[in-house]
Each structure stands twice: as C-alpha cells, then as structure tokens.
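The values are calculated or read from the model by the stated rules, or taken from the named source; none is laboratory data. Values in this document were obtained by computation on a predicted structure and should not be read as measured data. We place every Cβ from the backbone using ideal geometry, glycine too, and count neighbours over all the protein chains shown.
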Amino acid sequence: MPSDHIFLIFCIILLSNSAAFLVPDTIELVKVRRIEEQGGSVVRVPISDRLIIADQLAKSTGGSAPKASANLMHELLRQLNNTPPDVFVHPAGTGGTLSSIGRYAKKYGLKTEIVLADTQYSVYFDYVLNGTLDPAVIDRVLKIPDLASTAAMKVARDIGINGGTSTGVNFLAALHIGALLPPDRPVTVATILADSGKYYETTYFNREWIGEKFEFHGGLK
C-alpha cells in the first residue's frame, strides 16, 4: 500500500465518522498501524481477491473503492512547472502509482522514461499482479540489493530525508539513473519520498536488527 493511499485514507476519515479499509493479507503491520492511528479500521482479505472483494463491499454497503493514484501525473507536472521529468522512478508496490504516471506519459506522448525499481527479493519484480501494475507502461526495471537500499535510507536521513524502505529504494535508484545519464545537459529524475522513517526505528534503522536479519547477505561487514 503506497503512501498516496494512506493520504487518501486520512482524507476519508476526516470526512466520515467511521471508516473501514480493505487491505491485502500481505500488508505490513506497520502500515496497518498507520491506518489505525488515523482512526480507521482494517479488514484483511486474500491479496488475489482484494479488488473483487473491494468492489463487492462498496456496492453492498454504499461505500466506494476509490483509485488513489488516478491524477498523480497532474500533481507532478504542477510541481515541475509543467515540464515533464526525463525519468520517473518508483517501486512496484501495488502498481497504482507507476501505472498512473506511465499511462499519462504514454497517452500524451511525454518523453518521460518510466522506471520500476524494486528490492532484490521482491516478488513484484518477477510477477505482475493482475489489475494493478500495467507492464506496458514500464520502460526499464532495476533490481536494487536489499542492503544497498537499507544503506540508502541511512544516507538519506543523514542529509535530512527521514524516509522508510520505499524511499530508500527510490533514492538509490534515482541516484543510479542520474549517474548514468549523459552529462552534456541538465536532466530531471523525479521520484516520490514514499514513506516515513519513523516506522522503522526498531528495524531498518537498528544496527543490531540489520546485523541479525541480513547476516546471510553479509550484514554490517
């Protein structure tokens, strides 16, 4: 669940007295807590059935199943003074953000390269979840080593960006792509600082945890 969905959830809670949100059973507990912290309740369902169940639930309760990523490219262009970026980088996640940006770029003939960046052992890199990620709009795919993206979180925090795991992937992938682009002209590599680092203090920002969980991959050596 990307952070634009969390933002949409927050807005829904502000506008209603109570709200229940349907999420896939693979969602991290930290993201469930983010929803509950805002006052929402969470219903877990099998990831393969989530879109069907969401539509059924919306129809039966009079609710809705909004698409949080529908207008992301409009907001991105507004922030860049209507100048399309040379490259847009983002992890797969649920696929909504990448698909939204990519479809807009392809529809209007923008020269923005759409890059999927994901961690080394993520299933999203190798398998497309039907109904979410549109592979036709992806121009390039990068696989980022887990330890490298974790280190990128630390570097980002050191320069004032308190981001989480997705932000680490975005940050490192954007730097990598920027380093490979021709130096003969200015280029714009756009990404999203997707999540806060405050939810990872006991995990990815904890050296003992990293040493234990990443020991097989070299840990802190």
For this session: Can you tell me which residue within segment 134-148, out of those that are among the hydrophobic types (A, V, I, L, M, F, W, C) and farther than 14 Å from LYS106 by Cα, is surrounded by the most Cβ atoms within 10 Å (Cβ to Cβ)?
Result: ILE144
Seminar exercise, completed: Of the residues in segment 178-202, those that are part of a loop (DSSP other than H, G, I, E, B), touching a strand residue (DSSP E or B) at 6+ places or on another chain (Cβ under 8 Å) and hydroxyl-bearing (Ser, Thr, Tyr) come to THR188, THR191
Seminar exercise, completed: Checked pairs for segment 95-117, first within 14 Å of SER166 (Cα to Cα) and assigned by TED's automatic domain parsing to the domain that holds THR83, second surrounded by fewer than 23 Cβ atoms within 10 Å (Cβ to Cβ) and polar (S, T, N, Q), C-beta under 6 Å and 6 or more apart or across chains, list as GLY95/THR132; THR97/SER69
Seminar exercise, completed: The helices (runs of 4 or more DSSP H) lying entirely within segment 43-118 that contain at least 1 residues which are modelled with pLDDT under 80 and within 16 Å of the chain's Cα centre (by Cα) are 72-79, 96-107
Seminar exercise, completed: Within segment 179-206, residues without any contact (Cβ under 8 Å) to a residue 60 or more places away in the chain, under 25 Å from ILE101 (Cα atoms) and more than 16 Å from the chain's Cα centre (by Cα) come out as ALA179, LEU180, PRO182, ARG185, PRO186
